[in-house]
Amino acid sequence: MRLVFLGPPGAGKGTQATRLANELGIPHISTGEILRAAIARSTPTGIEAKAYVDGGELVPFAIVLRLVEDRLQEDDARDGWLLDGFPRNLEQAHALEPLIEKLGQNLDHVVFFEVADDEVVRRLSGRRVCKTCSETFHLEFSPPPDPQDCAPRQCEIFQRSDDSEDSIRNRLEVYSRETDPLVGHYQESGLLVTVSGSGPIDEVESALREALGHRR
Ligand code: ADP
Ligand code: ADP
């Protein structure tokens, strides 16, 4: 199965993508995570992308496209993939089409997670991530483990630098301007599957499974 996850920052795309990709045995490809790893390692891409990511702006098209192009050609992505965070605007959506065509593949569904603005802000402000395993937690809804319990895994819980108040505000603006038009785009092409993302994590997971189950 080849899927794109769409929705505002904080909608729960990464949380659901980790679970579904595991279940389907396909790679979860998060452009945000690839960029954060590049920034942490101070690669040339990371150095170029850092200011955009910290400020909640979109990283330039050419950089992100190259990352996705390379990642989709890796062996583990031959039989399926789940793209989380790409495409993020119409330019990227138009570039994805010939890219997957060239690989002799096709996109099965675009899942849109619908979540109200105030809920998204609550989720982003409480988000915490583990530096070691990249697992995502929430101070209230999915609390991180006690540091003692994860000593063997050497978990290091931190708050993403772009989950600051200013950056969250900017990302929501960028989302409405750049990414939201993709909902109409994929609706027109008949690929859109809308899932309510507002309930608890397990409830959203069931709704997602049901929505895709009808289409597998
Ligand atoms: P969230 O879902 O919380 O918004 P992501 O991890 O998807 O966060 O993205 C974090 C940041 O990485 C974005 O704010 C942006 O700066 C950059 N980024 C991720 N994906 C893309 C993309 N497809 N195009 C441009 N920038 C991107
Ligand atoms: P996205 O990838 O769309 O930016 P995440 O999956 O990182 O979103 O989720 C944002 C925050 O909200 C995280 O702290 C996560 O633990 C929490 N979260 C995700 N889904 C839900 C949910 N259904 N209910 C409550 N909190 C959630």
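A short reminder: the numbers here are calculations on the coordinates, not readings from a lab. Computed from a prediction, not measured in an experiment: that's the story for all the values here. FYI the Cβ positions are ideal-geometry reconstructions off the backbone, even for glycines, and counts take in every protein chain you see.
Mean projected area of the convex hull spanned by the Cα atoms of the stretch 112-216, taken over all viewing directions: 8.3 nm². Rg/Rh, computed from the Cα trace of the stretch 95-168 with Rh as the Kirkwood radius, has the value 1.15. Convex hull volume per residue, computed on the Cα atoms of the stretch 76-118, equals 90 Å³. Convex hull volume per residue, computed on the Cα atoms of the stretch 58-190, equals 144 Å³. Annotation: amide H-H contacts under 5 Å for residue 157 (H modelled 1.01 Å from N, sequence separation of 5 or more, or interchain): 131.
Within the chain, antiparallel bridges make up roughly 25 percent of the DSSP beta bridges whose residues both belong there. Sequence-ordered 3J(HN,Hα) estimates for the stretch 15-24 from the Karplus curve with 6.51, -1.76 and 1.60 and θ = phi - 60° stand at 4, 6, 5, 4, 5, 5, 5, 4, 5, 7 Hz, glycine and proline given as x.
Please state the equivalent ellipsoid semi-axes for the stretch 1-142: what are the square roots of 5 times the Cα gyration tensor eigenvalues, largest first, in whole Å?
Details: eigenvalues 107, 71, 47 Å².
Computed over the stretch 1-142, the values are 23, 19, 15 Å.
Report the one residue of 8, 103, 61 whose Cα lies farthest in the direction of the positive end of the charge dipole of the chain (charges on C-beta: Lys and Arg +1, Asp and Glu -1; origin at the Cα centre). Checked the options; the winner is 103.
Each label was represented as a point 7 Å from its Cα along the Cα-to-Cβ direction; for residue 134 and residue 180 these points are 2.9 nm apart.
Working from label points 7 Å from Cα in the Cα-to-Cβ sense, the residue 75 to residue 42 distance is 3.2 nm.
For residue 193, the amide hydrogen comes within under 5 Å of the amide hydrogens of 110, 111, 112, counting only partners 5 or more places away or on other chains and with H modelled in the peptide plane. Note on the stretch 104-216: antiparallel DSSP beta bridges, both residues inside, total approximately 55 percent of the bridges counted. Simple spin-label estimate for residue 22 and residue 188 gives 3.8 nm between the two label positions (7 Å along the Cα-to-Cβ direction from each Cα). Normalised by the number of residues in the stretch 1-87, the mean separation of alpha-carbon contacts (under 8 Å, six or more apart) gives a relative contact order of 50 percent.
Fraction of C-alpha pairs exceeding 17 angstrom in the stretch 34-79: 35 percent, rounded to a whole number.
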